[in-house]
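The values are calculated or read from the model by the stated rules, or taken from the named source; none is laboratory data. Since the model is a prediction, treat every value here as computed from it, not as a measurement. As a convention, Cβ positions derive from the backbone with ideal geometry for all residues, glycine included, and neighbour counts pool all protein chains shown. When the accessible area is computed, the model is the full protein with side chains, heavy atoms only, and any ligands, DNA or RNA have been set aside. Shrake-Rupley method; radii C 1.70, N 1.55, O 1.52, S 1.80 Å.
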Amino acid sequence: MKVFGSSGVRGVVNETLTPEYALQVAMAAGTVWRNELGVSRVVLAHDTRTSGGMIADAARSGLASVGLDVDYLGTIPTPGAQTYADRESIPALMVTASHNPPQHNGIKLIGRDGIELAVDQLERVEQRLLGERFERSEWGAIGQARTIDGVRQDYIDQLLEAVDRERIADAELTVAIDPGHGAGSVTSPQFFRELGCHVLTINAQPDGHFPGRKPEPVADNLGDLQRLVETSDADLGIAHDGDADRAIFVDETGSFIEGDAALAALAREELRAGDGVVSAVSTSQRLVDVADDVGAELHLTRIGSSHIITKVQALQKEGTRVPIAGEGNGGIIFPGYRTIRDGAYTAARFCELLADQEASEIAADYDEYYNVRKNVHYEDEGERSAMTDAIETVAHQTDVDVTTIDGHRLEFDDGWVLARPSGTEPLIRIYAEARDPDRAEELAALMHDAVTAAAAAA
Ligand code: MG
């Protein structure tokens with residue numbers, strides 16, 4: 001696919017992502033939905049970016065011009081729009097750039113089941129877009145828009161139904177919530193209050209300038225949340241990305257909890273022998289160890305939530321139970337709830353664990369893992385292919401299990417190493433992880449040495 005990446009369309013506003021472009025994407029998606037699904041109505045929503053209203057207005061025009069009525073939800077987390085789409089059984093167009101910087105925006109397309117569009121459907125939308133084959137309506141059939149009220153509370157209400165309210169209320173938690181001025185600002189603090197938690201907030205006013213922190217919930221951006229948790233009696237800090245489909249945690253001492261550690265802790269709670277669990281090819285040894293311990297099978301996909309969702313659905317079709325899936329960036333899927341990433345739901349499930357243990361105790365079980373990341377730059381195609389050949393040679397010469405779904409991941413008894421060309425930059429990315437820091441360095445060096453030697457000889 002040329003236009004749609006694994007997370008839809010993204011770009012810098014008024015440069016690569018213009019209202020004109022949003023109009024065309026909406027007309028293309030609308031034409032496909034009307035023809036293939038026979039729908040007459042779609043959902044439209046956006047996150048808190050300054051460009052959200054502008055891009056959504058253009059999309060609204062595009063949808064109306066191909067004859068679709070629009071249920072406009074305004075600002076709501078992506079999982080809130082997905083929940084509404086599923087309830088109404090109509091597709092959705094979500095204007096969001098998720099964790100990207102403030103000057104970016106994007107469009108995510110969601111099916112009538114509330115789940116991100118699968119690759120084959122995105123390809124059909126893309127063909128219409130590139131060929132400009134839009135089927136505009138005659139004047140009497142142009143779509144009309146209406147604003148839907150109460151959807152934030154509806155979303156919160158269905159979340160409340162889906163989690164163990166009693167267990168969370170009994171834990172008498174104080175939670176510090178940092179939605180990072182994103183869409184989670186309009187729902188997460190209220191949700192946790194209704195769960196019976198005492199709620200502290202930071203960066204919880206919707207603001208597309210993101211004055212308090214950048215939208216990506218990584219450790220570098222969460223210093224203020226860490227200090228708030230450390231200096232208050234909060235049991236947990238919860239941070240979202242811009243559209244609140246991800247949740248990242250800070251323990252009661254103010255320490256950042258690695259996303260991979262939270263995923264592993266939640267997986268240990270969910271998984272039973274014989275289950276399947278799906279993650280990306282860069283997944284942590286923590287999840288490998290949890291799956292091994294409980295006797296579940298770990299399936300790895302290419303990086304990106306759409307690949308993970310496709311694999312979850314394929315396993316379910318074969319009759320495999322898949323209670324959890326996701327990545328170490330806070331994007332976790334609980335298919336028993338919904339096959340979507342939902343930051344508020346994920347955070348509530350983590351709060352359930354706090355009924356028995358402090359957050360720091362939960363994280364401590366997954367502390368002793370060491371990650372090494374290295375990038376090797378290449379100048380041209382010749383260097384690139386010499387490097388990928390070298391990676392392949394190492395993979396063949398080493399007598400271990402190799403996953404080749406996205407680069408080469410070599411699985412050793414005490415750790416792993418992955419080497420793959422970056423999708424966006426002229427780099428070979430090398431990731432290694434082990435419980436022993438020297439071993440992690442050694443595994444990274446195995447690939448790094450081979451790749452740099454190949455580049456020198458090329
Ligand atoms: Mg997101």
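For n ≥ 4 DSSP H runs only, could you compute -39500 (n - 2.57) per run for the chain, divide by its residues and tell me the 222 nm figure to the nearest 500?
So the calculated ellipticity at 222 nm is -12500 deg cm²/dmol.
Less than 12 Å Cβ to Cβ from SER282, Lys/Arg counted +1 and Asp/Glu -1: what total charge do the surrounding residues give?
So the surrounding residues net to +1.
When a/c is below 1.5 the answer is rounded, else prolate if a/b is larger than b/c, else oblate, so apply that to the stretch 9-148 with a ≥ b ≥ c taken from the square roots of the Cα gyration tensor eigenvalues.
Rounded shape, in that the Cα axes give a/c under 1.5.
Is the shape of the stretch 312-456 rounded, prolate or oblate, going by the alpha carbon gyration tensor and its root eigenvalues a ≥ b ≥ c, with a/c under 1.5 for rounded and a/b larger than b/c for prolate?
Prolate.
In the chain, what is the count of Lys pairs whose alpha carbons are under 26 Å apart, counting only pairs at least 8 residues apart or on separate chains?
Total qualifying Lys-Lys pairs in the chain comes to 6.
How large is log10 I(q)/I(0) at q = 0.12 Å⁻¹ when the Debye formula is applied to the Cα atoms of the chain, each weighted equally and without solvent?
Ignoring solvent entirely, the Cα scatterers give -1.07.
Round to a whole angstrom and tell me the spacing of the C-alpha centers of the stretch 97-136 and the stretch 54-79.
Between the Cα centre of the stretch 97-136 and that of the stretch 54-79, the gap is 13 Å.
Skip the ligands, DNA and RNA, and give the accessible area per residue of the stretch 177-275 with a 1.4 Å probe, whole Å².
Each residue of the stretch 177-275 exposes 34 Å² on average to a 1.4 Å probe.
If contacts are Cα pairs under 8 angstrom and at least 6 residues apart, what is the relative contact order of the chain in percent?
12
Indicate, rounded to the nearest 5 percent, the antiparallel portion of the DSSP beta bridges found entirely in the chain.
60
Which whole-Hz couplings ³J(HN,Hα) result when phi for each residue of the stretch 280-295 is put into the Karplus expression 6.51 cos²θ - 1.76 cosθ + 1.60, θ = phi - 60°, listed in order with x for Gly and Pro?
Using θ = phi - 60°, the values come out as 7, 5, 8, 4, 6, 4, 4, 6, 4, 5, 4, 4, 4, 4, 8, x Hz.
As an exercise, identify the trypsin sites (Lys or Arg not before Pro) in the stretch 1-77 lying in DSSP coil whose Cβ has no more than 15 other Cβ atoms within 10 Å.
Here the trypsin sites (Lys or Arg not before Pro) that fit, given the DSSP loop and packing criteria, are LYS2.
Kindly provide the GluC sites (Glu not before Pro) of the stretch 111-174 that DSSP labels as loop, not H, G, I, E or B, and whose Cβ sees at most 15 other Cβ atoms within 10 Å.
Listed in order of number, the matching sites are GLU132, GLU135, GLU138, GLU172.
If you take every DSSP beta bridge fully contained in the stretch 1-86, what fraction is antiparallel? Give it as a percent rounded to 5.
10
So if I take the centroid of the Cα atoms in the stretch 219-247 and the same for the stretch 404-458, what is the distance between those two points in Å?
32
Across the stretch 370-457, what fraction of all alpha-carbon pairs, as a whole percent, falls in each successive 10 Å bin from zero upward?
19, 54, 24, 2
Would you mind classifying the stretch 154-256 by shape? Square roots of the alpha carbon gyration tensor eigenvalues, ordered a ≥ b ≥ c; an a/c under 1.5 is rounded, otherwise it is prolate if a/b is larger than b/c and oblate if not.
Because a/c hits 1.5 or more and a/b fails to exceed b/c, the stretch 154-256 counts as oblate.
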